Every structure is written in structure tokens, then in C-alpha cells.
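Beneath this line is the structure, given in C-alpha cells, with notes to follow.
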Amino acid sequence: MSNTFRPPLTRMADGTIKQINPFSDTEVWTIPGRANRPLEISKPDAQPLDPQQHGKHCAFCTQRILETPPEKTRLVKKRDDAVIYRSTGVDMLTREWEFRRIPNLFEILSFSYWELNYNHQLSREIQQQMDAYLADPAGKNHVHEVLKSKFSRIDPTLWEHSSDSEKYNYAKGLFGSGHDLIIARRHFVDGAENDSQLASSGTLTPQEHEWYIRLTVDAMDDLYRSNRYVRYVQVFQNWLKPAGASFDHLHKQLVSIDQRSVNGQLEVEKARENPNIYNEAGVDYAGFQNLIIAENKHAVMIAGFGHRYPTLEVWSKSEHCQPWEHSPEELKGMSDLIHAMHAATGPLVPTNEEWFTKPIDADVAMPWKVLLKWRVSTLAGFEGGTKIYVNTIDPWTLRDMVVPRLLELRAEGKIASNINIATECSCRINSLKYNPALQDPK
């Protein structure tokens, strides 16, 4: 393991805390006197909502559904649970839904990237879905209007001068997209009176959040299965414009890429050298430093260290590495803690939610973890020149900000009731069972 002689956390005599991320080797300092308290962020000049604009606030809203590409799947509430519908036709777009999966119209890697570099083609199933959608006049019109809108921002003449066969090829990018969005139904919370009352991950109920995670995991699995050239699917959520969101409307993104992420490359080598590194340098170390914030049977939340921004981390305890291999109970356990860290953070703090999973072709076991980064500072010249990052909130301060809020939320019934918080946590050594050496013999 690198940084053998440099522990992840070092407190200097003047109070400066030096941090080393044991997985990425990122170096971070927290300097006394430079802290702020982002949980007190408020939105100035909140404006009343116009009832006439209900469901029309942005392109992701329910009444502007034809402005977005054809959906791949949707999750619909059914009695006490929900059902995922696949390859929905245009006639279903006006029906009720909780979450939708659609292609990103301005994808990072286009379908033509995979087609030209790998000769990747639509699967027979997706080809049939596309042909059926285009055979419906309403579906064909929907696809053409969406593509026309896209090309109007790139080259207004390109769409108009394209042949039918060229337009058909453009449509492949919608049905065979490797960059998808998972969109929540609400833009504002139910009963909202002004535009500061946005619907965020933390304002969902625990059950709604589990549905949100369920559809995201289903999409992740599908992206791997539908394109054999994909080596990694990055899942993330940008919340609010300072964190990179195009719309202040709750959504996650999934991006297929043809190589391991940079972190993935680093971590595979570290995990190969020490298969138990995620316990020893991650959750166990956090326990020794009193940085365990919350846990349930299937997951654990810690105050992260060695991050450029204040970061909460949720780790899966499952012996399964990939999210779609988790049992429904394990998935719910992860969802409950992810939901709780969003709820404790609040809807007015810009955040990035980032998922880290084992690369599909890696030969070592790696647990699923989800980070929530508070985008409450701006990187400057010092960081760029030294590659030492100044994080204004140290892990212990972060813990002390989040724990009281979690206790309040649990008492109010706004997060899952079976979450243990702070001193209630077991802090059991080697709680992450991804490592085959720690798993019960079958």
C-alpha cells in the first residue's frame, strides 16, 4: 500500500489537519480558521411559484415530456411498491410515473463513437424497439422533433439537409445511447410555494429513494449488457448549478466508457496488493478515528478523508461487488443511507454524488461505495500549483455537523427508522464482506 509512512490523517501542533486519501493518494489540508458551515446555506430572493407553470419549469418536467428523447424505462408506483416498464411506446408518455430513464441528448460519448471505433451495432432487441417506435407516426414525429432541436444547437442546416437514411442513423443514438439520465417526477416538493423549495434526493421518502436507486442500478446493468465494449459505467448526480447541473431538477447520469476510470486503475493495483485495503484503510480506519456516522445491516456511512471537498461516504457491506448483484434488502440498505446523507445535507447545498464500483474486467474484489461531495469551496491557484487541496471542513467537524441532523430526521420519521447513528454503531472490524477471505464458506 502506498503512503505506508504517512497515515491518512495527521493533526499538526497548530491544528492543521493533513489528509491523504488512501485510494487516490490525493493530499488535502484543513487549515484552522478557514472553515465555514454550508448547512446554513439559504437561497436569497426566493420567488413565488406561478400555478400556471406547474409541471413546466424545465425540460425534465412532466408537462414537457416530448422535449426529451424516447424513454428506455420508467418506474411506476403499484400499490405498496413499484414496477419497471421497459421500451415504453409514445402512447405511454402521458401516463403516471415516478422516475424515467432517457438518453442524454448531448452525450459524452455518442453512439457513433462506439460504431466507428468498435463497429458496435444495436442489438436485435433495441433495433426492434426503435423500428416499432418509428413506425408509430406519433413516435416518429417525437424522434424527429427531438433530433431537430438537438441539431439546431449544433448546425441548424444539418438536420434539414439530411436524407431519411441519415435521419434514421441519427435516431440510433437515442435508442442505443450509452449516456442515460434517471429523472425524478417532481421539480419542487409537493405543496411548494416558492422556487427555493426544490425536490432533492433528501426530500424523497426512503421508499421513493429506493425506487430511484433501483432504476439507476437496473440501467447500469443494462448498459453493460447492451454493449460488450463498455469497460466501466460511471454513475453520478450533479445537484444545483454550482455543482454542474444543467437543470435544478433531480436526476442521475450514467456514462459508459471504454476504459477503466483513473481511480479504478489506481485502486485495482492497490486492491491486488492488499485485498482487504477497503476495510483496513477505509471503514476500519474511520472507526478508529471515530468517523463512523451511521450504519444499518447492509451499509455504513463515514466522514470521508482525503477529498477536495467535504465528503460523506456510504459503503456496501455486501459480499457482492456490483450493485445489480445486491439482494433487494442490500440495495435498500444502501439506498437508506444514501438518502440519509442527502437529507442531512439539505437541498440548498450544491453536491456531487459519485458511485465507485469494480471495473467489469477487474480481477480483484472491490466494494460498492457512494460519495457525496459538498461543493462549498472553489479551487484556486494554490491547489493548481501544489496539487495540495484546501478542504475547509475536516472530517470530525463534518461528522459533528451531520450527526445531530440525522438524529432529528430519524425522530421526525424523514429517514429510515432502522439506521443506527454515531455511538449506536457497532464499528465492527472487517464489516465489508467484499473480500472473499472474509466471507462465510458456502
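The values are calculated or read from the model by the stated rules, or taken from the named source; none is laboratory data. This one's a predicted model, so the numbers in the text were calculated from it and none came from an experiment. Every residue, glycine among them, receives a Cβ derived from its backbone with ideal geometry; neighbour counts consider all protein chains shown. Accessible surface areas use protein heavy atoms only, side chains included; no ligands, DNA or RNA. Shrake-Rupley method; radii C 1.70, N 1.55, O 1.52, S 1.80 Å.
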Self-check item: Cα-Cα over 28 Å, subset of K78/K148; K270/K433; K18/K252; K77/K297
Solution: K78/K148; K18/K252
Exercise. Whenever you get a sec, compute what percent of the accessible area on the chain sits on carbon and sulfur atoms (1.4 Å probe).
Key: 49 percent
Quiz prompt | Residues whose placed amide H lies under 5 Å from that of I293, excluding near-sequence neighbours | solution = M301, I302, A303
Quiz item: Under the classification rounded if a/c is under 1.5, otherwise prolate if a/b is larger than b/c and oblate if not, where does segment 151-264 fall, given a ≥ b ≥ c as square roots of the Cα gyration tensor eigenvalues?
Solution: oblate
Quiz item: Helix 137-154: angle to the longest alpha-carbon principal axis of the chain, degrees 0 to 90, nearest 10?
Solution: 60 degrees
Self-check item: Within straight-line cross-link reach of K167, aspartates and glutamates at Cα separation under 19 Å, skipping those fewer than 8 residues along the same chain
Solution: E67, E71, E107, E115, D131, D136, E145, D155
Exercise. Could you work out the relative contact order of the chain, using alpha carbon pairs under 8 angstrom and six or more residues apart, expressed as a whole percent?
Key: 18 percent
Quiz prompt | the chain - mean residue ellipticity at 222 nm from DSSP helices (-39,500 (n - 2.57) per run, n ≥ 4, rounded to 500) | solution = -9500 deg cm²/dmol
Self-check item: Gaussian network model of the chain, springs between alpha carbon atoms under 10 Å - residue of P137, P310, P347 with greatest fluctuation
Solution: P137
Practice problem: Please calculate the 1.4 Å probe accessible area of K241, with all protein chains present, and give it to the nearest 10 Å². | Solution: 120 Å²
Exercise. Please give the helix 328-345 orientation as an angle from the longest Cα principal axis of the chain, in degrees from 0 to 90, rounded to the nearest 10.
Key: 80 degrees
Practice problem: Normalising by the residue count of segment 118-260, find the relative contact order in percent from Cα pairs under 8 Å and 6+ residues apart. | Solution: 24 percent
Quiz prompt | Mean accessible surface per residue for segment 298-382, computed with a 1.4 Å probe while every protein chain stays in place, in Å² | solution = 26 Å²
Quiz item: Among the GluC sites (Glu not before Pro) within segment 62-119, which fall in a DSSP loop and have no more than 15 other Cβ atoms within 10 Å of their own Cβ?
Solution: E96
Practice problem: Could you work out the local net charge near K72, counting Lys and Arg as +1, Asp and Glu as -1, over the other residues with Cβ closer than 9 Å to its Cβ? | Solution: +1
Exercise. Tabulate in residue order the Karplus-calculated ³J(HN,Hα) for segment 66-73, using 6.51 cos²θ - 1.76 cosθ + 1.60 with θ = phi - 60°, rounded to whole Hz; enter x for Gly and Pro.
Key: 6, 7, 10, x, x, 7, 8, 8
Quiz item: From the residues N391, P137, L174, which one has its Cα farthest along the dipole of the chain in the positive direction, the dipole being from +1 and -1 charges on Cβ of Lys/Arg and Asp/Glu about the Cα centre?
Solution: N391
Quiz item: So what's the angle, to the nearest 10 degrees on a 0 to 90 scale, between helix 164-175 and the longest Cα principal axis of the chain?
Solution: 30 degrees
Practice problem: Please find, in a Gaussian network model of the chain (springs between Cα atoms separated by less than 10 Å), the residue of I388, I415, I20 whose mean-square fluctuation is greatest. | Solution: I388
Practice problem: Counting only heavy atoms of the protein chains, get the accessible area per residue of segment 76-210 (1.4 Å probe) and round it to a whole Å² value. | Solution: 52 Å²
Practice problem: Work out how far the C-alpha atoms of the chain reach from end to end along every principal axis, then list the three figures in whole Å, largest first. | Solution: 70, 52, 49
Practice problem: Would you kindly derive the ³J(HN,Hα) couplings of segment 239-249 from the backbone phi angles with the Karplus curve 6.51 cos²θ - 1.76 cosθ + 1.60 (θ = phi - 60°), listing them in order in whole Hz, with x for Gly and Pro? | Solution: 10, 6, 4, x, 9, x, 6, 6, 10, 7, 10
Quiz prompt | Inter-centroid distance (Cα atoms) of segment 56-102 relative to segment 226-283, Å | solution = 26 Å
Self-check item: Within a Gaussian network of the chain (alpha carbon springs, distance under 10 Å), most fluctuating of A132, A365, A199
Solution: A132
